[in-house]
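First comes the structure, then the notes that go with it.
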Amino acid sequence: MSEKVFVVGVGMTKFERPGRPVAHDVGWDYPDMVREAGTAALADAGISIDQVEAGVASYVYGDSCSGQRAIYELGETGMPIYNVNNNCSSGSTALMLGRQLIEGGLAEIVLAVGFERMQPGSIKEHWADRAQPLARHSAAIHQRYPSQGAPVALEQFGNAGREHMERYGTTPEHFAMVAVKNHRHSVNNERAQFRDEYSLEEVLAATPVFPPLTKLQCSPTSDGGAAVVLMGERAARRLGLERRAVRIAAQAMVTDLPSSFDGRSAIASVGADMTARAAAQVYEQSGFGPEDVDVIELHDCFATNEIISYEGLGLCEVGKGGQLIAAGATTYGGQWVVNPSGGLISKGHPLGATGLAQCAELTWQLRDEAGPRQVVGARRGLQHNIGIGGAAVVTMYESPSLSNDRDSEGAS
């Protein structure tokens with residue numbers, strides 16, 4: 001039987017606009033981000049870098065061995081360091097690899113770090129002399145919606161929203177409600193890139209970028225870092241961390257399926273079917289369903305994707321995501337609180353750090369340490385992180401009290 005794995009330490013920087021001068025450091029670069037986030041995560045776990053047996057570093061834009069350069073800011077210990085890149089799901093991929101190292105008995109304590117230093121403006125393809133990783137996805141979408149020459153991600157998720165409107169009667173107001181909610185949530189997150197609240201009318205009247213999306217419904221490019229310390233059960237007990245250890249109850253990654261490329265659905269091409277399969281695997285592994293979850297951090301790179309992801313995660317029937325947001329089911333006072341951090345739309349989206357920042361937020365929520373954005377009584381959290389190209393990672397977490405209750409029942 002594989003060892004249980006726990007999150008015992010988390011840390012993250014404030015997410016910033018690319019190139020923006022920051023008060024706490026001049027010339028803030030990715031090693032500085034990891035020094036800040038990693039130091040906080042180690043302190044949160046109450047350990048030193050010398051106790052860490054392996055490191056996993058996630059980033060999308062960077063040279064080879066950037067993970068080593070970043071983690072060396074915390075100390076040079078000779079431990080193995082793995083560099084991973086799975087587009088926007090890189091952070092949760094690092095988390096998953098760290099968990100697997102512990103479950104496989106290769107390490108007891110693993111540090112996962114994620115970082116990104118991005119260029120301002122829309123994301124662009126960087127290599128013109130080789131096959132583009134997203135070319136097949138775009139070609140599939142363009143079978144249904146001819147290209148308008150917009151940035152790749154914007155066109156992909158915008159067209160997925162258009163399809164949702166055509167198939168299910170979803171309205172621009174439904175997508176705008178997602179942005180209203182997440183911007184409102186971000187007001188209470190001191191680490192968020194944007195912390196302004198907007199009305200529905202203001203979101204709809206913002207600069208149009210690709211129908212049905214306006215600027216306030218899109219995640220920004222961002223700089224920032226996040227870090228997570230993972231431990232096996234034996235190490236967590238040996239170090240007396242049971243009361244702060246958030247259990248990873250289940251986790252699954254799914255990559256593209258034939259439906260991503262058959263040209264029938266832009267919604268499938270942006271990962272809806274990957275999300276649904278990964279979520280189903282997590283619910284089967286854990287024995288819990290969406291009705292057992294209290295708080296969710298999901299991949300709202302665009303407001304359209306939050307509604308699509310409601311359906312993939314099983315929060316509602318396919319086609320009913322617009323009705324779910326309109327009913328207030330995904331904010332405080334509803335059935336779930338989705339993206340209490342402000343989500344990618346407001347918190348920011350430094351690609352390599354995003355998945356680990358989601359983990360950090362859920363850890364704070366399940367420890368009752370989230371301050372003014374705390375979801376009262378949160379006991380289980382669900383994380384959804386997706387990268388086109390592609391990989392969807394879904395993770396179920398349990399609060400320390402719930403994990404300890406389970407352990408006590410098992411021992412009796």
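The values are calculated or read from the model by the stated rules, or taken from the named source; none is laboratory data. The model shown is predicted, which means the values in this text are computed figures rather than measured ones. Positions of Cβ are backbone-derived with ideal geometry, glycine not excepted, and every protein chain shown enters the neighbour counts. For the accessible areas, the whole protein counts, side chains as well, though only heavy atoms, and no ligand, DNA or RNA atoms are used. Shrake-Rupley method; radii C 1.70, N 1.55, O 1.52, S 1.80 Å.
The table below lists the values:
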read-out	value
Net charge over other residues, Cβ less than 13 angstrom from the Cβ of Thr354 (K, R count +1; D, E count -1)	-3
FRET E, pair Arg17, Arg238, Förster distance 30 Å, beta-carbon r, rounded to 0.05	0.10
Extension reserve of the Gln119-Glu190 stretch, reckoned as 0.36 nm per residue once the Cα distance is removed	23.3 nm
Pairwise FRET efficiency - Thr39 versus Ala150, Cβ, R0 = 51 Å, nearest 0.05	0.80
Residue with peak Gaussian network fluctuation, the chain [Cα springs, cutoff 10 Å], from Arg69, Arg195, Arg117	Arg69
Environment charge of Thr77, counting only residues whose C-beta is closer than 13 Å and scoring Lys/Arg +1, Asp/Glu -1	-4
Distance violations [Cα-Cα > 24 Å] among Lys4/Lys320; Lys4/Lys347; Lys14/Lys181	Lys4/Lys320; Lys4/Lys347
Solvent-accessible area of Asp256 with every protein chain in place, 1.4 Å probe, in Å² to the nearest 10	40
Most mobile listed residue (Asn182, Asn83, Asn385) in the chain, GNM with C-alpha springs under 10 Å	Asn83
Euclidean distance between Cα centres, segment 185-212 to segment 244-292, Å	27
Residues whose placed amide H lies under 5 Å from that of Ala370, excluding near-sequence neighbours	none
Distance-filtered residues of segment 136-172 - backbone nitrogen under 13 Å, label point 7 angstrom along Ala326 Cα→Cβ	165, 168-172
Mean Cα-pair separation over length for segment 184-257, i.e. relative contact order, pairs under 8 Å, 6 or more apart, %	13
Per-peptide average of other Cβ atoms within 10 Å, ordering 54-66, 347-359 highest first	347-359, 54-66
Derived scalar couplings ³J(HN,Hα) [segment 48-57; Karplus, 6.51 cos²θ - 1.76 cosθ + 1.60; whole Hz; x for Gly, Pro]	9, 4, 5, 8, 7, 9, 7, x, 10, 10
Three-way shape call for segment 291-353 based on the alpha-carbon gyration tensor, with the a/c threshold at 1.5	prolate
Efficiency of FRET between Asp368 and Asp262 - r from beta-carbon atoms, R0 35 angstrom, step 0.05	0.15
Cα-centred dipole magnitude for the chain, charges only on beta-carbon of K, R (+1) and D, E (-1), debye, nearest 20	260
Normalised contact order of the chain, rounded percent, pairs of Cα under 8 Å and 6 or more residues apart	25
Glu398 - accessible surface, heavy atoms, 1.4 Å probe, Å² rounded to 10	0
Full-extension gain in nm, Val376 to Arg167, via 0.36 nm per residue minus C-alpha separation	71.6 nm
Degrees separating the helix 172-186 axis from the principal Cα axis of the chain, which is the longest one	30
Gln68-Glu291 pseudo-label distance in nm [points 7 Å out on the Cα-to-Cβ vector]	5.2
